Amino acid sequence: MGLKARGSLAGRMKLARLFTLDDEAYAGELAALESEKGFGALKAAGVLSLNAFSKSAFAARRFPGWRLGPPAEGAGELLDGASREAELLKRIGPERLKECFLEGSGLSRAEKARRSGIGVEEAKRIEEFLTRLWVQEELGGAAPAAPSVGFSVVAGFVIEDGRPALRFFHREAWKGRWRVDQGALRVWCGSRPPEEAAAARRLASALEFTDRRKTTLLKVLEAVMEAQKGWLLSGDPADMVPLTQRSVAAAVGSDPSVVNRLAANKAVELPWGTEAPLKQLMPSSKDLGKNVLAALAMDAPTLSDEALRTAMAERGYALSRRSIAQYRVELGLGAKGTR
């Protein structure tokens, strides 16, 4: 393999690693570059300038200190804005959720219910919802470079003026994009010793390279938001549309493998308060049917396979009873046989 090919491969591997980072680890990478010797001088000389994203806005995440676990993949109730859990989250509100359920491990269930203004059985439902789908993160210590378990939330969708909009949770990761003025860089380097000029070029290149994770992910989030805007507005899983990673890649001018890496361990917050893996927002037709089935089965767990088949048919999904039973097993819901 030639030097050029090896360099290209090394660059792709570095970029692939960047794509897997969560916001905390990614912000750390940016901070390390911004603390390098020469960064301040390049910024003061106008070689480097920070361009804020025109549509960026920030918000507080509803589940701070918790990460969606692997069981969240395929959990259809997360995608249903009218699910019992979503309705309870709205009633409780983010402050009480944090106080009573995310940080209130010393509170009894009855006390959680009293403070939240809900029933004891409803408090139990929220507890089970959290422990089944989320993992509490360890406090303190450095963030792992690439989380191996679960999904890190990188953004949230909100409804603003009747349309979906993006909100970000980590200001340092999403504060803007570093722009390099190549003309100013040439002038600056021309007045410096060769070693210092080489270090400046390397730093400018590293900043542009590192920003590719942010700019590509933003394009993917915007493409998904546009494609799924009907569902984001209604909260009804039946309004989701099939959306392949290949079609998203085409929309953002990237390779499907890039979209796959970005979506593999990322999650988003939804307008009704739950979170979901990003790749669940890029479903196949089969995935859509399974999501609708999961929401129906979780909302009414006593329904037989035949009753579920009828309910799915009413929603436009023509499935056999055997398919219903198979999907139950795949979703971890258990089979109800021919009842």
Between a residue in region 37-52 that is closer than 14 Å to Ala199 by Cα and any residue that is modelled with pLDDT under 95 and polar (S, T, N, Q), which pairs come within a Cβ distance under 7 Å, given they are 6 or more apart or on different chains? none
Restricting attention to region 273-295, the residues that are closer than 13 Å to Met312 by Cα, without any contact (Cβ under 8 Å) to a residue 60 or more places away in the chain and of a type in the set (A, V, I, L, M, F, W, C) number exactly 1
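Taking Ser105 as the residue in question, decide whether it is surrounded by 21 or more Cβ atoms within 10 Å (Cβ to Cβ), free of Cβ contacts under 8 Å to residues at least 40 places away in the same chain and over 30 Å from Gln228 (Cα atoms). I'd like the intermediate steps shown before the answer.
Numbers: surrounded by 21 or more Cβ atoms within 10 Å (Cβ to Cβ): no; free of Cβ contacts under 8 Å to residues at least 40 places away in the same chain: yes; over 30 Å from Gln228 (Cα atoms): yes.
So Ser105 fails the test.
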Filter result (at pLDDT below 95, assigned to a helix (DSSP H, G or I) and exposed (fewer than 14 other Cβ atoms within 10 Å of the Cβ)) within region 209-245: Thr215
So, in region 98-153, of the ones that are out of contact with any helix residue (DSSP H, G or I) (no Cβ under 6 Å at 6 or more places or on another chain), among the polar types (S, T, N, Q) and at pLDDT 90 or above, which residue ends up farthest from Ala267 (Cα to Cα)? Ser108
Which residue pairs have Cβ atoms closer than 8 Å, lie 6 or more positions apart in sequence or on different chains, and pair a first residue in region 144-168 that is in a loop (DSSP other than H, G, I, E, B) with a second residue that is surrounded by 15 or more Cβ atoms within 10 Å (Cβ to Cβ) and at pLDDT 95 or above? Gly162/Leu233
Total residues in region 248-270, condition farther than 14 Å from Val153 by Cα and either touching a residue at least 40 places away in the same chain (Cβ under 8 Å) or in contact with a Pro (Cβ under 9 Å, 6 or more places away or on another chain) (or both): 5
Among the numbered conditions (1) without any contact (Cβ under 8 Å) to a residue 40 or more places away in the chain; (2) within 22 Å of the chain's Cα centre (by Cα); (3) assigned to a helix (DSSP H, G or I), tell me where Thr310 comes up short. (2)
Suppose we filter region 189-200 for residues that are without any contact (Cβ under 8 Å) to a residue 60 or more places away in the chain and either surrounded by fewer than 16 Cβ atoms within 10 Å (Cβ to Cβ) or of a type in the set (S, T, N, Q) (or both); how many remain? 7
Here the residues within region 262-277 that are of a type outside the set (Val, Ile, Thr), farther than 30 Å from Arg321 by Cα and buried (at least 20 other Cβ atoms within 10 Å of the Cβ) are Leu262, Ala263, Asn265, Lys266, Ala267, Glu269, Leu270, Trp272, Gly273, Glu275
Condition first: modelled with pLDDT of 90 or more and in a loop (DSSP other than H, G, I, E, B). Now tell me which residues in region 66-77 satisfy that. Gly69
If we keep only residues of region 30-65 that are farther than 22 Å from His170 by Cα and either among the β-branched types (Val, Ile, Thr) or surrounded by fewer than 13 Cβ atoms within 10 Å (Cβ to Cβ) (or both), then the residue modelled with the lowest pLDDT is Lys37
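Please enumerate the residues belonging to region 108-133 that are polar (S, T, N, Q) and farther than 18 Å from Glu73 by Cα.
Applying the first criterion (polar (S, T, N, Q)) to region 108-133 yields 108, 116, 131.
Ser108, Ser116 - these are the residues of region 108-133 that are polar (S, T, N, Q) and farther than 18 Å from Glu73 by Cα.
Specify which of the listed residues (Leu270, Leu232, Leu278) is farther than 14 Å from Gly76 by Cβ and touching a Phe, Trp or Tyr at 6+ places or on another chain (Cβ under 7 Å).
Working: Leu270 fails: farther than 14 Å from Gly76 by Cβ; Leu278 fails: touching a Phe, Trp or Tyr at 6+ places or on another chain (Cβ under 7 Å).
On inspection, the qualifying residue turns out to be Leu232.
The values are calculated or read from the model by the stated rules, or taken from the named source; none is laboratory data. These figures come from a predicted structure and were not determined experimentally. When we count neighbours, we look across all protein chains shown, and the Cβ atoms used for this are built from the backbone with ideal geometry, even at glycine.
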